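Chemist: The following block contains the structure, expressed as structure tokens.
What follows is calculated from the coordinates using simple rules that are stated; it is not laboratory data. Because the structure is predicted, anything quoted here is derived from the model rather than measured. Cβ: placed from backbone, ideal geometry, glycine included. Neighbour counts: every protein chain shown.
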Amino acid sequence: MTKILTGIFLGTLITIGSIAIAAGTAVDPVVGTWKLNAAKSTFSAGPALKSQTRIYSQSAQGITLNMKTVAADGKEIKSQTTYQLDGKDYPVTGVAAYDSLSGKQVDSNTAEFTLKMAGKAVGTTRRTVSKDGKTLTSTLKMTNEKGEKTENVTMFDKQ
């Protein structure tokens, strides 16, 4: 009987400790799967995307973004990054225009990022999750290779 009670006590203690640890790490509202709503998006940098799916997940290492984009010409691009919102640079793979990003938290639903190529800032992006958690808005501002400033505002629906 003592072994059973000890087991129950330890199990309860571990469960309470796990809940306390989990409660200390707030889940970013961007976590989940998002699909591009092209009809609500605007593209000043070339033709509109055919589609884009963003999958955000959160772990002890930070937030991981896996993105699958189908460009207007039908070309598929896959990119990935894992970052923290601490202002430090994190590598990005699969994107030709930049190879790293640094991010900071603006408020509980908004984060801003500086996009860099070889350590030099080439653009910014701001992502905001709506208060109801159903819409993600991403505003990308870049300067292209011709020195022209561009801005794309992409809207995503939570899946």
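Chemist: For region 150-158, what does the Karplus curve 6.51 cos²θ - 1.76 cosθ + 1.60, with θ = phi - 60°, yield as ³J(HN,Hα) per residue in whole Hz, taken in order and with x for Gly and Pro?
Modeler: Coupling constants for region 150-158: 10, 8, 10, 10, 10, 10, 10, 9, 5 Hz.
Chemist: Hey, another quick one. Beyond 23 Å between alpha-carbons counts as too far, so tell me which of Lys120/Lys158; Lys88/Lys116; Lys78/Lys116; Lys104/Lys131; Lys40/Lys88 fall in that bin. Intermediate results must be reported in sequence, preceding the final value.
Modeler: Values: Lys120/Lys158 33 Å; Lys88/Lys116 12 Å; Lys78/Lys116 18 Å; Lys104/Lys131 19 Å; Lys40/Lys88 32 Å.
In this structure, Lys120/Lys158; Lys40/Lys88 lie more than 23 Å apart at Cα.
Chemist: I've got another one for you. From Cα coordinates alone, what are the radius of gyration and Dmax values for region 40-102 in angstrom?
Modeler: In order Rg, Dmax, the Cα atoms of region 40-102 give 13.1, 37 Å.
Chemist: If you don't mind, another one. Pick out, from Ser130, Ala71, Tyr98, the residue whose Cα sits farthest towards the positive end of the charge dipole of region 30-158, with +1 on the Cβ of Lys and Arg and -1 on the Cβ of Asp and Glu.
Modeler: Ser130
Chemist: Here's another thing I want to ask about it. Using the 2.2 N^0.38 Å rule of thumb for compact globular proteins, work out how region 47-159 stacks up: its C-alpha Rg over that value, please.
Modeler: Details: Rg = 13.8 Å, N = 113, 2.2 N^0.38 = 13.3 Å.
Working it through for region 47-159, the quotient is 1.04.
Chemist: About the Cα centre of region 30-158, what is the dipole size in debye to 20, counting +1 per Lys and Arg Cβ and -1 per Asp and Glu Cβ, all else neutral?
Modeler: On the way: 19 positive and 12 negative charges, 41 e Å.
Roughly 200 debye for region 30-158.
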